[in-house]
1. Tell me, what is the FRET efficiency for Gln94 and Asp40 to the nearest 0.05, using R0 = 30 angstrom and their Cβ-Cβ distance as r?
2. How charged is the neighbourhood of Glu93? Take every other residue with its Cβ under 14 Å from the Cβ of Glu93, and add Lys/Arg as +1 and Asp/Glu as -1.
3. Compute the distance in nm between two label points, each set 7 Å from the Cα along the Cα-to-Cβ direction, one at Glu64 and one at Tyr48.
4. Starting from the Cα coordinates of the chain, work out the convex hull volume and express it per residue in Å³.
5. Hand me the trypsin sites (Lys or Arg not before Pro) from region 1-52 located in a DSSP loop with no more than 15 other Cβ atoms within 10 Å, in residue order please.
6. Counting each DSSP H run of 4 or more residues in the chain as -39500 (n - 2.57), what helix-only mean residue ellipticity at 222 nm follows after dividing by all residues, to the nearest 500 deg cm²/dmol?
7. Using only alpha carbon pairs under 8 Å that are at least six residues apart, calculate the relative contact order of region 7-98 and give it in whole percent.
8. Below 10 angstrom from the Cβ of Thr28, what's the summed charge of the other residues (Lys, Arg +1; Asp, Glu -1)?
Amino acid sequence: MSGHEPIILNPGAPVTLAIVDYGIYPLTPCCQASGKGLEDCIGCRACYREVEVYYGDVWSLGDERGWDTYEWILLDEGVERGEARRLVASAREQAAATGRATTPLGVR
Ligand SMILES: [Zn+2]
């Protein structure tokens, strides 16, 4: 597999993540696509529907703020807290196993 193809974390979860070499980002529930900055909002890269601003977030493996954001997104989508924590922990394990996104964002 090419190192540039996103790997999906937590497939089947209410909100999935994608991991690439440089970071981890949430995928939109409508299209499983990344968020994209539009003129005055964040939109789904596939259908251009406006989505919550957190779909524009990117974080690295060791970034606690990013994982907190993912837990918050899951809660916002109606996932129960215990299940949200389990999904976050599971995604972190899957992310670590890829060997990607280990460099903090902005450090090259
Ligand atoms: Zn969409």
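Every number in this text was worked out from the coordinates using simple rules, so none of it is lab data. Because the structure is predicted, anything quoted here is derived from the model rather than measured. Backbone-built Cβ (ideal geometry, glycine too); neighbour counts: all protein chains shown.
1. Given R0 = 30 Å and the Cβ-Cβ separation, E is 0.30.
2. On the way: positive: Arg85, Arg86, Arg92, Arg100; negative: none.
With Lys, Arg at +1 and Asp, Glu at -1, the neighbours total +4.
3. 4.1
4. Per-residue hull volume (Cα only) is 108 Å³.
5. Arg49
6. -9500 deg cm²/dmol
7. Working: 137 pairs, mean separation 22.3, N = 92.
In percent, rounded to a whole number, it is 24.
8. Net of charged neighbours comes to +2.
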